Structures are given as structure tokens and as C-alpha cells.
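*Asks:* The structure is given below, and queries will be raised subsequently.
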Amino acid sequence: MEQTPQKLEMFYEGKAKKLYTTSDPDLVIAYFKDDATAFNAKKRGTIEDKGVVNNRISEIFFRLLEREGIKTHFVRRLNDREMLCRRLEIVPVEVVVRNILAGSMAKRLGREEGEALKRPVIEYYYKSDALDDPLINADHVLVFGWATTGELRRIDTLASRTNDIMRRFLDERGILLVDFKLEFGRHKGEILLGDEICPDTCRFWDKETRKKLDKDRFRRDLGEVEDAYHEMLARVSR
Ligand code: UDP
């Protein structure tokens, strides 16, 4: 195995992760925390072992996607809480893909959660804590220069292929992929899939019972939060 670069200094601390520079300027180390936030950090808590579980679940999804030809920032998992990643210049847009109506879309449109969408819907949100990540459209992304036309086309393609791959993988494990959020960035002139893919950033429902196995258990005080994260790790591990 290639040598692991030396961990240097923390250059970013987000709600769920810390990022460290390394002795290789092209690589960073992501450290997964147990801190949980919801509603733009208006609700805070910790989910025991969340960092460990999310690091492993993200590894499984990134490996799956890489096998299927999606380029990601994932290099390898280093230990329980750390992942070695390619350094990205992040595109400040959160890309949400939805298969079943839930969360903010259900609320915004005044509809019941759980309605199957007749085809996947892609949404963009501007990454800004100060503004509560407002919903935007493709014109906003282009006019404000957050990505070029070519980059946005690539992002859409990658988001849609990621949805197809994850949906099929999860369906075989008895899970419905309701919706999820992706982030992308530039690395050596190329758009790569970044961030993490885990129960913090996806909605997972059991196919039979429709039980929620994701961060909604924390957001909505449904209990059995840790159990849900462990259940998802068990499902994707087989
Ligand atoms: N999401 C996320 N980070 C955010 C907002 C949303 O990871 O800052 C994920 C969320 O877990 C869900 C999907 O994106 O899987 C769609 O979220 P939605 O817009 O419904 O927002 P929320 O439920 O957070 O109000």
C-alpha cells in the first residue's frame, strides 16, 4: 500500500467533520466527529459512534461508486475515524437528488411525505450557513459563477448515475433511497464527488416497514438513533 502522508494542521472544522492538510498538497485527511446538528445547527447533540459508522458507510459507498466508474475524492480509509481524500476546491452548491417526496420538498409544496416521484428530481442549494442554504436553480449557479456550464452538466450526470448505482445497491439490501445530498469539487481540473455519503446526508427507509434509518430519527426525536446508524452499516456491509 502507498505510504500515508503525514497529518499536518486542521484547516476546516464543519458540523460533522474536521479536515487536515497533509505532507502531500493534493491530499487531505477527513476526521469524522460524533457531533450531530440539524436545522442549520439550531439543534445540536451527539450520536455515539456516529463518526466511526459514517466513515465506514461512506467508504463502502465511495468504493461502490468508484467500481462503477464515478470519480470521487476517496483514496482510502485510514482508521476508525479518518479517511484519506483528494483535496478539492469545493463547488458551493449542495446537490440533492430525490426519489420519494420527503423533508423540505414535502413541506415547501404542502404534500404528504412518502409519495413516489415519477422520476428523480435534482435540486441545488447554495452552501451558506448565514442564509440557511437557500434553494437555487441552474441559472443561479451559472450567473454567480459557482460552476461553469460544462461543470454543471458533469455534476448532473454524476449525481444521476450515483442515484442509479446507490438505489440498486440499497434495493438489494431492503432499503429505499428516499433522497440524498452530494457535494462536488475540482481536483486537477476535474469534477470529483466529495464530502460523505451516510445516514447524515441520505434518507434511508426500510423497504418493508418504511422505518427511517437515518438522521431524521435525530431531527424528529424518534429515538433509536444509534441503532439506525448501526443497522444501516450492517445492511451495506453485506
Ligand atoms: N441534506 C444534507 N445536508 C443539508 C440539507 C439536506 O445532507 O444541509 C440531505 C438530507 O439528509 C436529505 C436530503 O439532503 O437526505 C434532502 O434534505 P431536505 O432538503 O429535505 O432537507 P431537510 O430535511 O434537512 O430539511
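*Asks:* Report relative contact order for the chain in percent, whole number only (criteria: Cα-Cα under 8 Å, sequence separation at least 6).
*Replies:* 18
*Asks:* With a cut-off of 8 Å between alpha carbons and a minimum separation of six or more residues, what is the relative contact order of segment 1-104 in percent?
*Replies:* With pairs under 8 Å counted, the relative contact order is 20 percent.
*Asks:* Here is a follow-up. Calculate I(q)/I(0) for segment 171-227 by the Debye formula, one identical point scatterer on each C-alpha and no solvent, and give its log10 at q = 0.29 Å⁻¹ to two decimals.
*Replies:* -1.16
*Asks:* Could you check how much of the accessible area of segment 32-168 is carbon and sulfur, as a whole percent, using a 1.4 Å probe?
*Replies:* Summing carbon and sulfur atoms, their accessible area is 48 percent of the total for segment 32-168.
*Asks:* Just subtract the alpha-carbon distance of residue 222 and residue 104 from 0.36 nm times their residue separation and send over the number in nm, one decimal.
*Replies:* Result for the pair: 40.7 nm of gain on full extension.
*Asks:* Residues of segment 171-238: accessible area per residue at 1.4 Å, in Å²?
*Replies:* 41
*Asks:* By the gyration tensor of its Cα atoms, with a ≥ b ≥ c the square roots of the eigenvalues, what is the shape of segment 102-163: rounded for a/c under 1.5, prolate for a/b over b/c, or oblate?
*Replies:* oblate
*Asks:* Note down the nm distance, to one decimal, between modelled labels 7 Å out along Cα→Cβ at residue 168 and at residue 148.
*Replies:* That separation, rounded to one decimal, is 3.1 nm.
*Asks:* How charged is the neighbourhood of residue 150? Take every other residue with its Cβ under 14 Å from the Cβ of residue 150, and add Lys/Arg as +1 and Asp/Glu as -1.
*Replies:* 0
*Asks:* What is the magnitude of the charge dipole of segment 149-215 about its Cα centre, with +1 placed on the Cβ of each Lys and Arg, -1 on the Cβ of each Asp and Glu, and no other charges, expressed in debye to the nearest 20?
*Replies:* The calculation lands at about 100 debye.
*Asks:* Please give the residues of segment 92-107, grouped as numeric ranges, whose backbone N is less than 17 Å from a label point set 7 Å along the Cα-to-Cβ vector of residue 128.
*Replies:* 92-95
*Asks:* Right, here's the next one. Taking the chain as a Gaussian network, Cα atoms linked when under 10 Å apart, which of 107, 207, 127 shows the biggest mean-square fluctuation?
*Replies:* Checking each option, the largest mean-square fluctuation is seen for 107.
*Asks:* So for segment 148-238, averaging the separation of alpha carbon pairs under 8 Å that are six or more residues apart and normalising by length, what relative contact order in percent results?
*Replies:* Normalised by residue count, the contact order of segment 148-238 is 21 percent.
*Asks:* Which net charge results for the neighbourhood of residue 134, defined as the other residues with beta-carbon distances under 13 angstrom from its beta-carbon, given Lys and Arg at +1 and Asp and Glu at -1?
*Replies:* Taking every Cβ under 13 Å from that of residue 134, the sum is -3.
*Asks:* Here is a further query. What's the FRET efficiency of residue 138 with residue 42 using the Cβ-Cβ distance as r and R₀ = 25 Å, to the nearest 0.05?
*Replies:* With R0 = 25 Å, the Cβ-Cβ based efficiency is 0.30.
*Asks:* Could I ask something else about it? Show log10 I(q)/I(0) for segment 35-114 at q = 0.13, 0.14, 0.25 Å⁻¹, two decimals, from a solvent-free Debye sum over equal Cα scatterers.
*Replies:* -0.64, -0.74, -1.17
*Asks:* When the Kirkwood radius is taken over all Cα pairs of segment 86-131, what Stokes-Einstein diffusion coefficient follows at 4 °C and 1.567 mPa s, in µm²/s?
*Replies:* Translational D for this selection: 105 µm²/s.
The values are calculated or read from the model by the stated rules, or taken from the named source; none is laboratory data. Bear in mind that the values here come from a model prediction, so they are computed numbers and not experimental data. Backbone-built Cβ (ideal geometry, glycine too); neighbour counts: all protein chains shown. Calculation scope for accessible area: heavy atoms of the full protein, side chains included, ligands and nucleic acids excluded. Shrake-Rupley method; radii C 1.70, N 1.55, O 1.52, S 1.80 Å.
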